[in-house]
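> Structure below; questions to follow.
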2 protein chains.
Amino acid sequence: MITITDVAKHAGLSRATVSRVINNRPYVSEEKKKLVRNAMDKLGYYPNSSAQRLRNQKTNIIGVLVPRLTNPFFINIIEGIEKIAAESGLQLLICQTKSDKQKELNYFTLLRTKQVDGIILTSLENDWEQFSPYVDYGPVILCNEYYENATVPMIRLNQYEGSYIGARHLIDRGHRKIGYCGGGSTSGLSKDRKRGLKKALEEAGLSLNPNWIFHKRYSIEDGRELMKEITAMEDRPTAIFTNSDEVAAGIIKESKELGLKVPDDLAVIGFDNQPIAELIEPRLTTIDQPSEEIGEKAMETMVAVLNQQKIDTNLKGLNLKLIVRDST
Amino acid sequence: MITITDVAKHAGLSRATVSRVINNRPYVSEEKKKLVRNAMDKLGYYPNSSAQRLRNQKTNIIGVLVPRLTNPFFINIIEGIEKIAAESGLQLLICQTKSDKQKELNYFTLLRTKQVDGIILTSLENDWEQFSPYVDYGPVILCNEYYENATVPMIRLNQYEGSYIGARHLIDRGHRKIGYCGGGSTSGLSKDRKRGLKKALEEAGLSLNPNWIFHKRYSIEDGRELMKEITAMEDRPTAIFTNSDEVAAGIIKESKELGLKVPDDLAVIGFDNQPIAELIEPRLTTIDQPSEEIGEKAMETMVAVLNQQKIDTNLKGLNLKLIVRDST
DNA sequence: ACGATTTCTGAAAACGATTACAATTATGAT
DNA sequence: ATCATAATTGTAATCGTTTTCAGAAATCGT
């Protein structure tokens, strides 16, 4: 392997001078700069990043925790994060938690072993109390998800509002028996979605039937299973409010297979406005989230924190929007 | 930050002994082991991985190059890769090339700066000649994609065969005017898919109309655009063979919007058997690929190469399978 | 009991970069 | 011409590990 020492020797200079050239430090004469550059080119030198990281005590890598890569919503967030990361010369270490509590927590050793300079969380399985001991070891930022009591920057949308407008839409369409399929975790997002729904129901003089609350459903397959469960009930909801377009798509698909009409027999509303929402028939009514934008904002915040600048987590202009299509 | 020196001091021993305990080296008495473990626990010590990497001259990270994370096919491959990586204590650095030649090439500096121990390529934009200079800097493995003349391990399926059976299916359904939408790169996969189609056509006394060959279409949106182009033609194909389910889905969606019936007015066959293939209507006829399995095999091969064991890239039992649904 | 192994432990030298500091030379002001 | 200041370069320490080497202690075989 070619090291900085080789370059120095070849250029007839010291390592220090070579290092200055690499890092665009001042106080190097043009003449020597040229010598160094020639030597680097000739030898095909690339600095060893482990050595740089050890010496500089930073990695320029940010860990990004997502539940599963199969969910386009999180890919969009990553897209936004990556855009800003690239602009700032940072790399991403993308980590799948598979919605597993322990896995999620384990990724925090990345911070302790100095493999990453910071962590962005896009979903939450554990309670805030589990995370809080780790914030001493490097910046942690919540993107999309949030806690009420967390002490780290949170890039979040008004999920309460989003959920409320979705629920209102169902009520306006005349539904009185509305089911809910949500995460069921203790995160602010999860709670707020349920709260928004409840609020809309209350306003209409309705309440949430505990039999129609479903948790921990994420995939298309989960949606299909859920639909089978609903069909088996004697008292069924006429509309269902879901936490993701994938689950909603699964419900629609299975409904059709079971000979039920969407939205007449069952109205379905999704969340996220993924490509699949346009593709499936009937096209899915859903709640659009500016996912890429919150990813960008999260990474901008991370960059600010790393540079010890003051941060601004204000997200005005970014709203959840109801997209009415044919499934409601 | 707590270092190994702190632990050594706290335990009243040398750094060497602590290191031996960390790495399960022999020749440490039980007594001292306990002292070290206690000290590590008490101080909350985690080894600094930059230092370990510098010293050990390896990172235990493998770079995985994919075109775009939005394509579930590649996510499946990653899934397989990750499974084996986890078993072997390796981490993944996932890199999106966005199907950009330069970007793809740039990621090879990861190898030169020793940020990764090896690279797995799942798609190819450049010619093999562009890559070959880099193979000196660390193991490179091709997964899914391949070249005829490459000198690195290739985990590949018989795309020629897969393409052939797909084309045969269309011909058996009575189609004589068959269009092709493929990658159009110089990779073996791309060439073989075209070859397989041509072979089937020739056997039926047909040939591939150059007007009906389309390249560089990847997304649902690309599919929709493509469909508009086709509709604008005066002499249109009656069937189209695509390179991915996403493009195929876009074609189907747009067809319906344009008032065309699939498969009657236009038959469409996809590739990959993604979830979307089941969801869209008409359900998509497609060619299933054991994507997770080839990911696993690729990582197994990488592990073998890193350990200098002899490798076996045989993939028998893993085949491309035609899945007939309703779009043909 | 005595030499030959084997087990245990620490001192010190790596790994490849960056940087504080000192030494030297060049430039500028008077 | 002289002194103050700025620009240029190198020496050596440092980041936090692992490992070679050597020495000390324990164990073994006879």
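Each value in this text was obtained by applying a stated rule to the coordinates, not by laboratory testing. These numbers were taken from a predicted model, which means no experiment stands behind them. Cβ atoms come from the backbone with ideal geometry, glycine included; neighbour counts cover every protein chain shown.
> For the stretch A:112-170, just the Cα atoms, rotate onto the principal axes and tell me the three extents in Å, largest first.
For the stretch A:112-170, the Cα spread along each principal axis is 49, 19, 17 Å.
> Let me ask something else. Could you give the semi-axes, largest first, of the ellipsoid that matches the protein assembly as shown, computed as the square roots of 5 times the alpha carbon gyration tensor eigenvalues and rounded to whole Å? Show your work: numbers first, answer last.
Numbers: eigenvalues 402, 261, 99 Å².
Taking √(5λ) for each eigenvalue gives 45, 36, 22 Å, largest first.
> Could I ask something else about it? In nm, what does the list of distances from B:ARG25 to its counterparts in the other copies look like, shortest first, when each label sits 7 Å along Cα to Cβ?
Ordered by distance, the counterparts are at 3.3 nm.
> Between the alpha-carbon centers of the stretch A:303-328 and the stretch B:228-263, tell me the distance in whole angstrom.
The distance from the Cα centre of the stretch A:303-328 to that of the stretch B:228-263 comes to 37 Å.
> Under a GNM of chain B (C-alpha, springs under 10 Å), which listed residue has the highest mean-square fluctuation: B:TYR180, B:TYR134, B:TYR146?
The residue that fluctuates most here is B:TYR134.
> Apply the Debye scattering formula to chain A, with a single equal point scatterer on each alpha-carbon and no solvent, then give log10 I(q)/I(0) at q = 0.10, 0.13 Å⁻¹.
-0.66, -0.93
> Counting Lys +1, Arg +1, Asp -1, Glu -1, what net charge surrounds A:LYS101 among other residues with beta carbon under 11 Å of its beta carbon?
-2
> Taking B:LEU322 in one copy and the same position in all the others, each labelled 7 Å out along Cα→Cβ, what are the pairwise distances from the first, in nm, shortest first?
Label point to label point, same position, other copies: 4.8 nm.
> Here's another thing I want to ask about it. Quick one: of A:LYS103/B:LYS103; B:LYS9/B:LYS32; A:LYS114/B:LYS114, which pairs are farther than 20 Å apart, Cα to Cα?
Details: A:LYS103/B:LYS103 31 Å; B:LYS9/B:LYS32 13 Å; A:LYS114/B:LYS114 17 Å.
Flagged as over cut-off: A:LYS103/B:LYS103.
> Taking a point 7 Å out from Cα toward Cβ as the label site, list the nm distances between B:ASP6 and the same residue in every other copy, smallest first.
3.6
> Using Cα positions and a limit of under 20 Å, work out the aspartates and glutamates in reach of B:LYS34, with same-chain residues fewer than 8 apart set aside.
Correct list for B:LYS34: B:ASP6.
> For B:VAL140, what residues show an amide H to amide H distance below 5 Å, using hydrogens built from the backbone and excluding near sequence neighbours?
The list, which skips near neighbours in sequence, is B:ILE119.
> Can you list the residues, at least 5 places off or on another chain, whose amide H is less than 5 Å from the amide H of A:ARG283, using H built in the peptide plane?
A:ASP326
> Moving on. Ordered by residue, what ³J(HN,Hα) values in Hz, to whole numbers, does the stretch A:299-316 give under the Karplus form 6.51 cos²θ - 1.76 cosθ + 1.60, where θ = phi - 60° and Gly and Pro are x?
Whole-Hz 3J(HN,Hα) from phi for the stretch A:299-316: 5, 4, 5, 4, 4, 4, 4, 4, 8, 6, 8, 7, 10, 9, 9, 5, 10, 5.
> Mind ranking B:150-157, A:310-317, A:264-271 by how tightly packed they are, going by the mean number of other C-beta atoms within 10 angstrom, highest first?
Values: B:150-157: 19.8, A:310-317: 10.5, A:264-271: 23.1.
Highest mean packing first, the order is A:264-271, B:150-157, A:310-317.
> Say each of A:ASP127 and A:LEU105 gets a label point 7 Å from the Cα, pointing the same way as Cα to Cβ; how far apart are those two points in nm?
The two pseudo-label positions are separated by 1.2 nm.
> May I pose another question? How many nm is it between the label spots at A:ARG15 and A:ASP235, if each spot is 7 Å from the Cα in line with the beta carbon?
Once both label points are built, they end up 7.7 nm from each other.
> If you take every DSSP beta bridge whose two residues both sit in the protein assembly as shown, what share of them, in percent to the nearest 5, is antiparallel?
Numbers: 6 of 60 bridges.
Rounded to the nearest five, the antiparallel share is 10 percent.
> Tally Lys/Arg at +1 and Asp/Glu at -1 over every other residue whose Cβ is under 9 Å from the Cβ of A:LEU121; what's the total? Numbers along the way, then the final one.
On the way: positive: none; negative: A:GLU104, A:GLU145.
With Lys, Arg at +1 and Asp, Glu at -1, the net is -2.
> Can you give the % of DSSP beta bridges in chain B that are antiparallel, to the nearest 5? Provide the component values of the computation, followed by the final result.
On the way: 3 of 30 bridges.
Within chain B, antiparallel bridges account for around 10 percent of the total.
> A further question on this structure: Which residues in the stretch B:287-324 place their backbone N less than 20 Å from a point set 7 Å from the Cα of A:THR113 along the Cα-to-Cβ direction?
Residues B:299-300, B:302-304, B:306-307 qualify, since their backbone N sits under 20 Å from the label point.
> Could you list which residues have their amide H under 5 Å from that of A:ILE240, counting only those 5 or more apart in sequence or on another chain, with H placed in the peptide plane?
Close amide H contacts, sequence-distant or interchain: A:GLY179, A:ALA267, A:VAL268, A:ILE269.
> Quick check on the stretch B:37-95: take the gyration tensor over C-alpha atoms, sort the square-rooted eigenvalues as a ≥ b ≥ c, and tell me if it's rounded (a/c under 1.5), prolate or oblate. Walk me through the intermediate numbers first.
On the way: a/c = 3.19, a/b = 2.30, b/c = 1.39.
Prolate is the answer for the stretch B:37-95, as a/c is 1.5 or above and a/b outweighs b/c.
> Sticking with this structure for a sec: If Rh is defined by the Kirkwood formula over all Cα pairs and Rg also comes from Cα, what ratio Rg/Rh do you get for the stretch A:192-328? Kindly include the intermediate steps, with their values, before the conclusion.
Working: Rg = 17.7 Å, Rh = 16.5 Å.
That ratio is 1.07, to two decimals.
> Over the stretch A:147-256, what portion of Cα pair distances is larger than 16 Å, expressed as a whole percent?
Numbers: 3528 of 5995 pairs.
When all Cα pairs of the stretch A:147-256 are counted, 59 percent exceed 16 Å.
> Then there's this: What is the distance in Å between the Cα centroid of the stretch A:190-217 and that of the stretch A:39-89?
Here the answer is 41 Å between Cα centres.
> Working from Cα positions, state the angle (0 to 90°, nearest 10) between the long axis of helix B:188-203 and the longest principal axis of chain B.
That helix lies at roughly 30 degrees to the long axis.
> Still on this structure, I have one more. Among A:PRO263, A:PRO210, A:PRO47, determine the one that fluctuates most according to a GNM of chain A built with springs between C-alpha atoms less than 10 Å apart.
Of A:PRO263, A:PRO210, A:PRO47, the most mobile in the Gaussian network model is A:PRO47.
> Can you give the angle from 0 to 90° between the axis of helix A:220-232 and the longest principal axis of chain A, with both taken from C-alpha atoms, to the nearest 10?
20
> On to the next question. Out of all Cα-Cα pairs in the stretch B:84-146, roughly what percent, to the nearest whole number, are more than 17 Å apart? Before the final figure, lay out the partial values.
Numbers: 730 of 1953 pairs.
The answer is 37 percent, as a whole percent.
> First obtain the Kirkwood hydrodynamic radius of the stretch A:1-89 from its Cα pairs, then insert it into the Stokes-Einstein equation at 37 °C and 0.692 mPa s, and state the resulting D in µm² per second as a whole number. Write out the running numbers ahead of the final one.
On the way: Rh = 15.7 Å.
Answer from the Stokes-Einstein relation: 209 µm²/s.
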